[in-house]
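The values are calculated or read from the model by the stated rules, or taken from the named source; none is laboratory data. A quick note: this is a predicted structure, and the numbers were derived from the prediction, not measured. Cβ placement follows ideal geometry from the backbone for every residue including glycine, while neighbour counts extend to all protein chains displayed.
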């Protein structure tokens with residue numbers, strides 16, 4: 001049995017936001033448990049367009065997705081499992097192919113490029 005986030009602590013989970021299936025970007029969020037074989041769980045869908053090369057980071061069990069939405073890809077969203085997505089203030093400039101990290105509770109978006117709209121809704 002695969003249980004992620006229900007009473008399980010100290011396990012490493014890889015979080016995938018968006019999934020490229022046959023050249024169509026899906027809006028799923030997938031948790032892959034790295035401590036247990038074949039333990040994969042679809043936990044949510046993003047409320048907006050996800051493109052290739054978006055980024056995310058987890059702080060205090062909150063998922064922050066950076067660079068979502070239509071061009072210029074500057075939307076910032078926050079999500080807790082079991083809660084609705086919350087759109088935060090947009091970044092000053094949009095990004096693709098960027099990295100994201102945090103120091104304390106401050107999120108840093110590093111590098112990346114700006115590109116025209118690549119969203120295709122399915």
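The number of residues in the stretch 30-39 being at pLDDT 85 or above and either surrounded by 14 or more Cβ atoms within 10 Å (Cβ to Cβ) or touching a helix residue (DSSP H, G or I) at 6+ places or on another chain (Cβ under 8 Å) (or both) comes to 4. When you scan the stretch 5-16, do you find a residue that is at pLDDT 85 or above and outside any loop (DSSP other than H, G, I, E, B), even just one? No; the residues of the stretch 5-16 include none that is at pLDDT 85 or above and outside any loop (DSSP other than H, G, I, E, B). Does residue 19 satisfy being in a strand (DSSP E or B) and either exposed (fewer than 13 other Cβ atoms within 10 Å of the Cβ) or modelled with pLDDT of 85 or more (or both)? Considered against the rule, which asks whether it is in a strand (DSSP E or B) and either exposed (fewer than 13 other Cβ atoms within 10 Å of the Cβ) or modelled with pLDDT of 85 or more (or both), residue 19 comes out as no. Taken over the stretch 25-52, the criterion of being under 10 Å from the mean Cα position of the chain (by Cα) and part of a strand (DSSP E or B) is satisfied by 27, 28, 29, 30, 45.
Scanning the stretch 42-53 for residues that are free of Cβ contacts under 8 Å to residues at least 40 places away in the same chain, more than 13 Å from residue 85 (Cα to Cα) and surrounded by fewer than 17 Cβ atoms within 10 Å (Cβ to Cβ) turns up just one, 42.
When residues in the stretch 13-72 are screened for being over 18 Å from residue 98 (Cβ atoms) and out of contact with any strand residue (DSSP E or B) (no Cβ under 8 Å at 6 or more places or on another chain), 10 of them pass.
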